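Data block below; observations after.
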Amino acid sequence: MSRIGRKPIPVPGGVNITIDGQRVSVKGPKGELQRTFHPEITLTLDNSTITVSRPSDEPRHKALHGLSRTLMANMVEGVTKGYVKQLEITGVGYKAELKPYGLLMSLGYSHTIEVKAPKSVKLSAPKPTQVVVEGADEEAVGRVASEIRRLPKPEPYK
């Protein structure tokens, strides 16, 4: 049995989980997340713990077992604690400003770059050279952070 997949997931107080077949909805203080899991994986909710089970010991089922357990644990953690990525901008004249639509970044080009994030992700710039990406969905936070990280060309003299 998978070492990761067999661990039960504790559900903290204040988190509501609805399992409707393969569709799982998690609501908590930081937001609401929904995901559809693979049809061969079974999720059960018992006394504030979630267990993930698989039908057989095939390598494909073992991989889906660990993946599904990790995705479910990330959903629970995301709605309780949330996820934060902090990025630092280095370069002469590089800066980021917070605007109502997202971020306005000056990155050494002849123009500024507008960065817009999905509604589930919050962008902030506490300092001109620092960007903070926050949200309940780990996947969305990581995607937005990687898109921002890809924008500036590296400073060759620093």
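Counting helices only, and only those DSSP H runs with n ≥ 4, report the 222 nm mean residue ellipticity of the chain as the sum of -39,500 (n - 2.57) divided by its residues, in deg cm²/dmol to the nearest 500.
After summing the helix terms and dividing by residue count, I get -7500 deg cm²/dmol.
Any idea of the accessible area per residue across the chain, 1.4 Å probe, to the nearest Å²?
Numbers: 9670 Å² over 158 residues.
That works out to 61 Å² for each residue.
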Query raised in the report: What ³J(HN,Hα) values, in whole Hz, does the Karplus curve 6.51 cos²θ - 1.76 cosθ + 1.60 give for segment 3-16 when θ = phi - 60°, with x put for Gly and Pro?
Result: 5, 6, x, 7, 6, x, 9, x, 9, x, x, x, 10, 9
Query - Label zone at GLU58, where the point sits 7 Å out along the Cα-to-Cβ direction: segment 23-51 residues whose backbone N lies under 13 Å - result: 39-41
Query raised in the report: Along each of its three principal axes, how wide is the spread of alpha-carbon positions in segment 73-144, in whole angstrom units, largest first?
Result: 43, 21, 17
Query raised in the report: With all protein chains present, how much of the accessible area of segment 43-106 (probe radius 1.4 Å) comes from carbon and sulfur, to the nearest whole percent?
Result: 53 percent
Query raised in the report: Once phi is turned into θ = phi - 60°, what whole-Hz ³J(HN,Hα) does the Karplus curve with 6.51, -1.76 and 1.60 give for every residue of segment 89-104, x standing for Gly and Pro?
Result: 9, 10, x, 6, x, 6, 7, 10, 10, 7, 10, x, 8, x, 10, 10
**Report entry** Accessible-area value, SER56, 1.4 Å probe, nucleic acids and ligands omitted, Å²
**Finding:** 40 Å²
Query raised in the report: What ³J(HN,Hα) values, in whole Hz, does the Karplus curve 6.51 cos²θ - 1.76 cosθ + 1.60 give for segment 127-139 when θ = phi - 60°, with x put for Gly and Pro?
Result: 10, x, 9, 9, 10, 10, 10, 10, x, 8, 8, 4, 5
Report summary line: Label model pair LYS95, THR129: point-to-point distance (7 angstrom along the Cα→beta-carbon line) in nm is 1.2 nm
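Using R₀ = 41 Å, calculate the FRET efficiency as 1/(1 + (r/R₀)^6) where r is the Cβ-Cβ separation of GLU40 and LYS122; round to 0.05. Could the numbers behind the result be given before it?
Numbers: r = 35 Å, r/R0 = 0.87.
The formula returns an efficiency of 0.70 here.
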**Report entry** Mean Cα-pair separation over length for the chain, i.e. relative contact order, pairs under 8 Å, 6 or more apart, %
**Finding:** 20 percent
Report task. With a 1.4 Å probe and every protein chain left in place, tell me how much accessible area GLU32 has, in Å² to the nearest 10. Result -> 100 Å²
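Take every Cα pair under 8 Å in segment 12-90 that's 6+ residues apart, average their separations, divide by the length, and report that relative contact order as a whole percent.
Taking the mean separation of contacting Cα pairs over the length of segment 12-90, I get 27 percent.
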**Report entry** With eigenvalues of the C-alpha gyration tensor scaled by 5 and rooted, segment 19-158, Å
**Finding:** 38, 17, 11
Report task. Could you tell me which of GLN34, PRO126, TYR109 has its Cα farthest along the dipole of the chain towards the positive end, charges placed at Cβ (Lys, Arg +1; Asp, Glu -1), taken about the Cα centre? Result -> TYR109
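The values are calculated or read from the model by the stated rules, or taken from the named source; none is laboratory data. These numbers were taken from a predicted model, which means no experiment stands behind them. Cβ atoms come from the backbone with ideal geometry, glycine included; neighbour counts cover every protein chain shown. Note: areas computed on protein heavy atoms with side chains; ligands, DNA, RNA excluded. Shrake-Rupley method; radii C 1.70, N 1.55, O 1.52, S 1.80 Å.
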